[in-house]
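In what follows, a structure is listed as C-alpha cells, so that the remarks can point back to it.
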Amino acid sequence: MFTKILIANRGEIACRVIKTARKMGILTVAVYSDADADSLHVNMADEAIHIGGSPSRESYLLSEKVIEAAKRTGAQAIHPGYGFLSENADFCRMCAAEGITFIGPPVAAIEAMGSKSAAKNIMEAANVPLVPGYHGDDQSEAVIKKAADDMGYPVLLKATAGGGGKGMRQVWSEDEFSEGFAAAKREAKSSFGDDTMLVEKYLTQPRHVEIQVFCDNHQNAVYLFERDCSVQRRHQKVIEEAPAFSMSEELRAKMGESAIKSAQAIGYQGAGTVEFLLDIDGSFYFMEMNTRLQVEHPVTELITGQDLVEWQLRVAAGEVLPKAQDELKINGHAFEARIYAEDPNNDFLPATGTLDFLQPPVESEFVRVDTGVRQGDEVSVFYDPMIAKLIVWDENREKALQRMAKALSEYRISGVTTNIDFLYNLATSAPFVNADIDTGFIEKNQALIFHENEQALAGELPMAALYLVLSQAQKAQTIAAKTNDPFSPWNMTNAWRLNEANIHHITLAHNGTEYPIVVEQKRQGSGSYYLITVDGQTVDCQGRIENDTLYASIDGYRSHATIAQNNNQISLYHQKGVFNFTHVLPDCGDNTGDDKHGGLVAPMNGTMVSVLVKAGDSVKADQPLMIMEAMKMEHTIRAPSNGVVDAIYYNNGDMVDGGAELIAFTPEDA
Ligand code: ADP
C-alpha cells in the first residue's frame, strides 16, 4: 500500500479522500490555489503545496504543477477526485511517465469513453444495449436526417464530444430537423471545437439509473448496485438515491451484468459508473461511462457498508477487490441532496458570499455531511458553488426520506443564498414521496417545488404567530428565573393581566403581503391557550416549543414544524413545504422587560415614509401611528393599546436604524 498520496482536488471531495487515507494510515498531500490558502482540505492534509492562482486553469487544471508537487513531497500516487484532471488522459500518461500511480482507470479506458460515438461502437460490439440511433462517420445532414425519419420522432441530437448537456437538441418532427441540426452543431463547435453529431431516439419519460462498478487488475469485476439520479436540472443531478425504486431483482442483475460487460469491454480498472436510461417498459440503454468516482458515491457506500475510496486505493495499489459479487448486499435506502450556494428562484444562478453562519444537522448513523467548508469561509466565483452533500440512510425509502426532510430543515446557513428550501420542497412533494419520478421531474412539478402558486396559509400563519408568542413567553420565563423576584406579576407568563385581556398584535409578511394577526392569550389551568385571528377567522391554538420544533394544535389539528429564526425572518419547515415569514412589528404584548415605558421601536433598518400622529394625540389600540419602508415593503407601526403619544422622534423621509425608538407612548392604564 502507498505511504503517501497527493489529492489533486479541493473542497468536499479532497476532504473525503483525506478521511479514508487517514483511516488507512496513509499520509496526504493537498494542493491549493490562492483562493484556497486557508481552506479545510489544506488544513486536513499532512502537507500542502501551493500550485497557483485562483482560477482553476491557473492551478487545479495544471498537470505539470500537480505532478511537480507530487515529486517534491514524495507522494507515490495521485487521487484526482472528480472534475479537474480526473478524466484527462494526458495527465494520466504524464503520471505514468513519472512513475506516479494515477488512482483511476488506465489511459486507454479514459480515451475509449471520451467520445460518445466511439464509446457506442465499443458497447455495440460488446452487446450492451444502446438507444436506437445513428452514430456513424458519415456526417451529411441527409444521412443523419434519414436515420431520424426511419426511427420516428422525437429524436435527440448529441455532439459526440459533448458533456454537461451542451450540443444537445430535441427534435420533435421532421420539419424541425434542419434548424435543430444547425443549432446543435453551432453549440458543439463553440463548446468543444468539434461538431460531429449522433442522433438517438428521444425517450419521453426515462429514468437515469447508473450502476457503480469496480474492477481490479486480477480479472475481478463487481457491481455495487444502482443509483437513481433522475431528478435533474439542466442535466445536473439534484437528489440521488440508492437503490433505485421499483427495481426487480431480475432487472437489477441484468443492468449490473451489462455494466460489467461495458467496463470489461474497455479493460477497466478501479471505480467507474455506467449510466443507463431506463424506459418505462423496463428496457434500458447505455448512455455513457464515467471513468472516476462520482459525486453521488456516498449513497452506494451507505447501502453497501463499503468505503469506495478505500477500494480505489486498494485496487490502485494492486490488491484484489475487497469483496466478491455474492458478498455484496443492499441494506436499507439512502438519499443524497446537493446543498448549493445558488438561487433556485432565479434559474439556479450561482451565489457567492461568506458563510456567516453554518450549522449542519448533527451527524449520526443516519445522517452524513460531506463538506469542504467551515463557518466564515467564502463561496467564491472561482469554483463550483457546492457547499456540502447531505446524505441520509434508513431501513426503507419512506423512512430515509423523512430523515432527509428533517435534516434539511435543520441545516442552517446564512450569508449566502442556498437551495435548501427548494430541496426541502422537492423532497417532501407528493410525487417525489410516491416515486413518481422521471428526468422531467422538476419541470413537471414546478408549481409544487417553487411555490409559484400562492401558498395556502390558513394553517401556517397561526402556527408562525403561535411560535412567536410561545417563544416570547419562554424568553420572559428565562428572564423571570434570573430576577430577584420570580413571583413578581410582571414576570408571569400565564396571561395574568390586571383588568385587561392579554392581546398581542403581530404582523407577519409572506411573499410581500402583510397579514395583521391578533392573538388573545387565555388561561387554562396552569397553562394557556390562544385565540388567533387572521382575516376575520379565529382559530383555537395550543402548542409548545421543544428545541427547534413547534408542536401545534390548531382547532384540534395537530402537526409540528421545525422553525428557523434569523432576526425577524422565520422559516417554518412543515410537511407541506417550507414557509418563510417576516415578523414586521415588534410584538406590543411583549413583556420581556426591555420596553417598560411603552416606547415603540423600529422593527428594522428603513426609511420613515409617513408620520400619522403628533405629540399629545390620544390614540386607540391598533391605530396606525407611522409607516416605515424597508426592503421595498411598507411596515405600519401601530398603537399597542389606547394611550397618549408623548413625543415623536422621526420625520418623514428620515433614515431609521432597526431598534431605534420611534415614539414615546403612555398607555391609558399606566
Ligand atoms: P452529457 O454528457 O452532455 O451530460 P448525456 O448523454 O449524459 O449528456 O445525457 C444527459 C441527460 O440527458 C441524461 O441524464 C438524460 O436525462 C438526458 N438524455 C440523454 N439521452 C437521452 C435520450 N435518448 N432520451 C431522453 N433523454 C436523454
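Read-outs throughout are calculated quantities, based only on the coordinates presented, and are distinct from any laboratory measurement. Everything numeric here is computed off the predicted structure, so don't read it as measured data. For neighbour counting, all protein chains shown are included, and Cβ atoms are generated from backbone atoms with ideal geometry for every residue, glycine included.
Tabulated values for the structure
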{"item": "Over the chain: helical MRE at 222 nm, DSSP H runs n ≥ 4 each giving -39500 (n - 2.57), nearest 500", "result": "-7500 deg cm²/dmol"}
{"item": "Cα convex hull of the chain - mean projected area over all directions, nm²", "result": "35.3"}
{"item": "Cα-based Lys pair tally, region 4-103, threshold under 21 Å, eight or more apart or on separate chains", "result": "4"}
{"item": "Contour minus Cα-Cα distance for Asp175 and Asn652 (0.36 nm per residue)", "result": "165.4 nm"}
{"item": "Inverse of mean 1/r across different Cα pairs in region 4-103, Kirkwood, Å", "result": "13.0"}
{"item": "Nitroxide proxy distance, nm - points 7 Å out along Cα→Cβ at Met1 and Glu365", "result": "2.5"}
{"item": "For the chain, with +1 on Lys and Arg beta carbons and -1 on Asp and Glu, the positive-most of Ala324, Leu40, Leu85 along the dipole", "result": "Ala324"}
{"item": "Projected label distance in nm at Ser248 and Glu398, using a 7 Å step from Cα toward the beta-carbon", "result": "2.4"}
{"item": "Contour minus Cα-Cα distance for Gln264 and Ala621 (0.36 nm per residue)", "result": "120.6 nm"}
{"item": "Set Lys329/Lys576; Lys116/Lys254; Lys120/Lys189; Lys261/Lys329 screened for pairs whose C-alpha atoms are more than 25 Å apart", "result": "Lys329/Lys576"}
{"item": "Net charge over other residues, Cβ less than 15 angstrom from the Cβ of Asp46 (K, R count +1; D, E count -1)", "result": "+4"}
{"item": "Rounded FRET efficiency, nearest 0.05, which uses the C-beta distance separating Thr354 from His50 and R0 of 35 Å", "result": "0.95"}
{"item": "Computed label-point distance, nm, for sites Ser553 and Ala317 using a 7 Å Cα→Cβ extension", "result": "6.1"}
{"item": "Length added when fully stretched, Ser191-Asp90, from 0.36 nm per residue minus Cα-Cα", "result": "34.4 nm"}
{"item": "Three-way shape call for region 332-450 based on the alpha-carbon gyration tensor, with the a/c threshold at 1.5", "result": "oblate"}
